[in-house]
Ligand code: UDP
Ligand code: MG
């Protein structure tokens with residue numbers, strides 16, 4: 001059965017936000033599209049989130065639920081939602097109402113104009129710590145400079161994708177997923193829509209520093225080889241410096257000055273050792289990811305579904321578009 005719009009939402013311990021999310025989404029969508037469905041993906045919550053999703057699905061046939069066998073992460077939940085969405089267009093957004101449902105009509109309008117991707121650009125952010133604001137702003141700008149794909153700055157995952165873009169996205173089988181970068185990589189006709197990012201509706205962020213850093217390094221390593229190249233540049237620079245220092249010392253020795261090398265040797269060795277470990281570590285970051293990809297495990301595992309049939313992602317076979 002075809003629907004005009006699917007809205008995919010990852011849910012991880014969001015029992016306080018799910019009812020309000022449902023209310024605001026249904027309010028907005030009724031007047032925006034002819035038909036819609038909500039695809040709520042429970043990412044291994046420990047609270048009542050999945051119970052609430054099942055209750056919603058029981059009373060509203062437009063609600064589909066997918067629950068993971070464990071916590072696979074926000075990015076994987078988007079992937080599962082996109083795999084289960086049947087809409088002619090699909091919106092992906094967070095459950096905590098930081099991505100306002102009221103922006104969906106603007107995204108849909110862009111799609112009707114013929115765009116394949118309409119991504120929401122944060123013009124203003126509310127209720128975030130200074131630390132988050134500064135690190136996010138820096139990260140997006142560094143990423144923009146060093147990646148080979150044009151990933152727009154100040155843009156999260158909140159966006160609308162046409163069926164064509166979703167079909168293409170489903171063919172990307174990588175395990176380390178940085179959705180916003182992957183969608184930029186797709187190409188097609190894309191456009192930004194500015195919005196005001198609200199603070200969380202309830203509860204606390206489900207993105208501790210650890211998960212934030214992992215997402216950031218997935219973004220960097222998936223779309224740039226620059227960190228690997230840093231090693232060769234540093235190597236070149238350090239050996240150049242060392243040759244100059246050696247030449248200077250030989251000249252000094254020839255003119256009869258005494259050698260004062262011990263401290264230079266100690267600090268120099270420490271510096272070199274540090275640089276070598278750094279370079280090795282960077283190679284390791286990429287190598288570990290290569291190993292994850294080569295193993296070819298499924299991207300996620302589904303425990304239970306409501307209102308939809310499970311189509312576990314098979315990363316080895318591209319889904320027909
Ligand atoms: N989320 C998830 N799995 C996780 C962590 C978060 O599905 O392991 C969901 C969460 O429920 C929310 C969205 O991802 O819908 C964004 O998380 P959060 O709002 O905590 O991140 P922040 O806005 O603080 O960066
Ligand atoms: Mg949030």
Mind telling me which of 37, 15, 113 comes out most flexible in a GNM of the chain, alpha-carbon contacts under 10 Å? 113
Residue 276 versus residue 139, label points 7 Å from Cα toward the beta carbon: distance in nm? 3.3
Helix 226-254: angle to the longest alpha-carbon principal axis of the chain, degrees 0 to 90, nearest 10? 10
Calculated FRET efficiency for the pair residue 287/residue 204, C-beta based, R₀ 30 Å, to 0.05: 0.30
For region 2-63, report the convex hull volume of the alpha-carbon atoms normalised per residue, in Å³, without decimals. 73
Would you mind computing the Rg to Rh ratio of region 99-141 from its alpha-carbon coordinates, Kirkwood style for Rh? 1.11
Express in nm, to one decimal, how much length is gained between residue 264 and residue 30 on full extension, taking 0.36 nm for each residue of separation and deducting their alpha carbon distance. 77.0 nm
Just for the chain, what percent of DSSP beta bridges are antiparallel, to the closest 5? 30
Which angle between 0 and 90 degrees, to the nearest 10, do you get for helix 74-84 versus the longest principal axis of the chain when only C-alpha atoms count? 40
Tell me, what is the FRET efficiency for residue 171 and residue 257 to the nearest 0.05, using R0 = 45 angstrom and their Cβ-Cβ distance as r? 0.10
Set the Förster distance to 41 Å, then compute FRET efficiency between residue 242 and residue 301 from the Cβ-Cβ distance, nearest 0.05. 0.20
Once you put a point 7 Å from the Cα of residue 23 and another 7 Å from the Cα of residue 4, both along the Cβ direction, what distance in nm separates them? 2.5
Which residue fluctuates the most in the chain, going by a Gaussian network model with Cα springs under 10 Å, if the choices are 276, 190, 144? 276
Determine the distance separating the Cα centre of region 183-236 from the Cα centre of region 46-91; give it in Å without decimals. 24
Picking from 274, 44, 284, which is most flexible by a Gaussian network model of the chain using Cα springs under 10 Å? 274
Of every Cα-Cα pair in region 1-148, the percent that sits beyond 22 Å: 44
Give me log10 I(q)/I(0) at q = 0.10 Å⁻¹ for the chain, Debye formula, one equal scatterer per alpha-carbon, no solvent. -0.62
Which percent of the Cα-Cα distances in region 153-299 go past 21 Å? 66
Residue-averaged 222 nm ellipticity for the chain, from DSSP H runs of 4+ at -39500 (n - 2.57), nearest 500: -16000 deg cm²/dmol
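FYI, it's all coordinate maths here, none of it is from the lab. This structure is a prediction, so every number in the text was calculated from the model and none was measured. Cβ: placed from backbone, ideal geometry, glycine included. Neighbour counts: every protein chain shown.
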